[in-house]
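Beneath this line is the structure, given in structure tokens, with notes to follow.
Bear in mind these aren't lab numbers, they're just calculated from the coordinates by the rules spelled out. None of the values given here were measured: they were computed from a predicted structure. When we count neighbours, we look across all protein chains shown, and the Cβ atoms used for this are built from the backbone with ideal geometry, even at glycine.
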């Protein structure tokens, strides 16, 4: 429950205390209070509201202890009485969304890009430092240092808690889009834990992408990201089976794909451009438009990956392209591409590299090698469901 609600609590408290570091500490205090009281009193009917109210009361206590915040105390009191929030500097396109304010605040130019993204993933997604490190393919200690330094830098610079407008908004947009994208990805395919999907993260990311699209209708990449998330979210109901086990794309019941989200994705894609998110959305559209897995236009997908590689070269994108090539040109052609990636330092601990290689080897009839690759991928996977899937593939390798 705390992982679901923590972002809203931190955002709500940041509106009061104007310091994301202090707000995160207060949110943690609310969690401790819940762990102490709920075993005796029972879980409240609305746990999220209980945590938010507790956090805000603790914010009031902090304000009361600091005489210099006397003026803020009256504002906090009015907030608790459900009165309208105190007026804040606003531009002609200002919106009232604390989560979006939190993202733009954490993506302030005072922070380096890696620090912006790591901090916002920690605050918005409730991701641990180890989960963020795996998402970035960097050491956990590096992520921890980025987060600590980012909190200090925001406090020192007294960064306002707001959604900027004009040139300031445009300057922060790329980091904001990347954060929303990574939060959705963590929800769509969790890096760790017992569940493959974390729907609450997907819902938050999708909602924020839609808000941004309405806020910035003239930005093609905002619509590109929105389209991508709509298409991806449409598949979520079919991605897991009755017991939460993963269902591969080839085996998914496409009747369970959400057609309304697909239509929204198509509409957003019409307003998108040819940037990285727009190209990924076009790839997702190829899947969404195929009535059956066998009808997928893999040649078009490979061509779109070529364009994506030209814009943002990445070993992960190359690996994805290799999958498309395996379907359009055969596993032998794709294996050459994958083998060229085995020495990439960034993919050293990336479980999908041996997973893809295992698939190609299995299709080529090299069962023993495929089994070894699947087992290696399972050892690298941190998500329980993915590990089980990969071990199952290892057991079935060579069975046709």
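A few remarks follow.
- Principal-axis analysis of the Cα atoms of the chain puts helix 367-380 at an angle of about 10° to the longest axis.
- Relative counts (whole %) of C-alpha pair distances in the stretch 163-219, using bins that are 5 Å wide: 4, 19, 24, 20, 14, 9, 6, 3, 1
- Separation of alpha-carbon centers, the stretch 291-333 and the stretch 180-209, rounded to whole Å: 24 Å
- When peptides 195-204, 164-173, 9-18 are sorted by average Cβ neighbour count within 10 Å, with the highest value leading, the order is 9-18, 195-204, 164-173.
- Residue with peak Gaussian network fluctuation, the chain [Cα springs, cutoff 10 Å], from 162, 373, 294: 294
- Three-way shape call for the stretch 105-227 based on the alpha-carbon gyration tensor, with the a/c threshold at 1.5: oblate
- 0 to 90° range, to nearest 10: angle between helix 220-234 axis and the chain longest Cα axis: 70 degrees
- Ordered by the number of other Cβ atoms lying within 10 Å of each residue's own Cβ, fewest first, 350, 305, 293 fall into the sequence 293, 350, 305.
- Overall form of the stretch 263-347 per C-alpha gyration tensor (a/c, 1.5; a/b vs b/c): oblate
- Counting neighbouring beta carbons within 10 Å and listing from fewest to most, the residues 344, 245, 40 come out as 40, 245, 344.
- Euclidean distance between Cα centres, the stretch 378-400 to the stretch 4-28, Å: 39 Å
- Exposure proxy for 136, 104: other Cβ atoms within 10 Å of each Cβ, ordered fewest to most, give 136, 104.
- Residue among 276, 160, 47 with the largest mean-square fluctuation in a Gaussian network model of the chain, springs linking Cα atoms under 10 Å: 47
- P(r) tail for the stretch 297-400: Cα pairs beyond 21 Å make up 34% of the total.
- For the stretch 171-297: rounded, prolate or oblate by the Cα gyration tensor [a/c cutoff 1.5]: oblate
- Max mean-square fluctuation residue, GNM over the chain, Cα-Cα springs under 10 Å, options 278, 41, 189: 41
- When shorter helices are ignored and each DSSP H run of at least 4 residues is given -39500 (n - 2.57), the per-residue value for the chain at 222 nm works out to -22000 deg cm²/dmol.
- Folded to 0 to 90 degrees: helix 140-157 orientation relative to the chain principal axis, Cα: 30 degrees
- Paramagnetic reach from residue 349 in the stretch 377-400 [backbone N under 13 Å; point 7 Å along Cα→Cβ]: 380-383
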